[in-house]
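Here's the structure we're looking at; comments come further down.
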Amino acid sequence: MQQPVALEHASRLVNHGPTVLVTTAHGGRRNVMAAAWSMPVEFTPPRIAVVVDKATLTRELLVASGHFALCLPTPALADLCLAVGSDSGRDGDKFARHGVAATPGPVLGLPWIEGCSAWLELRRLPEPHAEQAYDTVFGEVVAAAADPRVFAGGRWSFRDDNADLHTLHHLGGGQFAVPSRVVQARR
Ligand SMILES: Cc1cc2nc3c(=O)[nH]c(=O)nc-3n(C[C@H](O)[C@H](O)[C@H](O)COP(=O)(O)O)c2cc1C
């Protein structure tokens, strides 16, 4: 289930540090990899930084096309996350190999992976120094959507009754935490 998210709320989708699936496409090739390291860096226009190793096919397609997408996997996709974070698209199409179902994003047509809880499409903002020194790429969000059962009105709502839509937070060694308990601070 996908509902558009206003661009002014897009940074909230990754504010809490979820693991993302980075998708790319260029010249008839498409790819997907896992990334635990991403963060918002600007509200308006909404901009996000992601660490994408120079050696990856993702980085090659991202730079060549100037675009990428981020999809936020749910617990049912934990195995997929580990799989696409462990092999390379250089060895064959990972969508076919891992049976990944995706639909085209609304602005750039990049793969938005089914079964996720949120999706973003981004245009690369070239930052040669950061890309070389830290493997960090920056993107401006041009489209965003989320499953309204877990993100609505510009806010995540993590509850027991929507646990299958919670985001994954990488602990290392193939383990992920999910936001099972939310604390409401009072003024
Ligand atoms: C859970 C998880 C998180 C990862 N996070 C990152 C990350 O933040 N940055 C990165 O460059 N690689 C990260 N990786 C490794 C890439 O996903 C991996 O190098 C991948 O095989 C690259 O695929 P590609 O060559 O098809 O693009 C992660 C792997 C896993 C399993």
Only sites in a loop by DSSP and with at most 15 other Cβ atoms within 10 Å count here; which GluC sites (Glu not before Pro) in the range 99-176 make the cut? E114
With a 10 Å cut-off between alpha carbons and a GNM built on the chain, which of P73, P148, P104 moves the most? P104
Can you tell me the length gained on complete extension of the stretch S86 to Q175, counting 0.36 nm per residue apart and subtracting the Cα distance? 30.7 nm
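Can you give the calculated 222 nm mean residue ellipticity of the chain, where each DSSP H run of n ≥ 4 adds -39,500 (n - 2.57) and the sum is split over every residue, rounded to the nearest 500 deg cm²/dmol?
Using -39500 (n - 2.57) per qualifying helix, the result is -4000 deg cm²/dmol.
Shape call for the range 134-187 from the C-alpha gyration tensor, a ≥ b ≥ c root eigenvalues: rounded (a/c under 1.5), prolate (a/b greater than b/c) or oblate?
oblate
Give, in whole angstrom and from largest to smallest, the semi-axes √(5λ) of the equivalent ellipsoid of the chain, with λ running over the eigenvalues of the Cα gyration tensor.
24, 19, 16
How large is the direction-averaged shadow of the alpha-carbon convex hull of the range 49-110, in nm²?
Hull-based average projected area comes out at 4.9 nm².
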Sort by residue number and name the cysteines in the chain that have no neighbouring cysteine Cβ under 4.7 Å. C81
What is the extension gain from E114 to A64, computed as 0.36 nm multiplied by their sequence separation minus the C-alpha to C-alpha distance, in nm to one decimal? 15.5 nm
Charge tally for neighbours of W37 with beta carbon under 11 Å away, counting Lys, Arg as +1 and Asp, Glu as -1, is -2
Could you please state, rounded to a whole Å, how far the C-alpha centre of the range 126-156 is from the C-alpha centre of the range 25-58? 8
What shape does the range 61-154 take by its C-alpha gyration tensor, where a ≥ b ≥ c are the square roots of the eigenvalues and a/c under 1.5 counts as rounded, a/b above b/c as prolate, and the rest as oblate? oblate
Give me the distance in nm between label points sitting 7 Å out from Cα along the Cα-to-Cβ direction at R29 and A130, one decimal. 2.5
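Where a number appears in this text, it was derived from the coordinates with a stated rule and is not lab data. Note that the structure is predicted; figures quoted are calculated from it, not measured. Quick reminder, even Gly has a Cβ in these numbers, built from the backbone with ideal geometry, and neighbours come from all protein chains shown.
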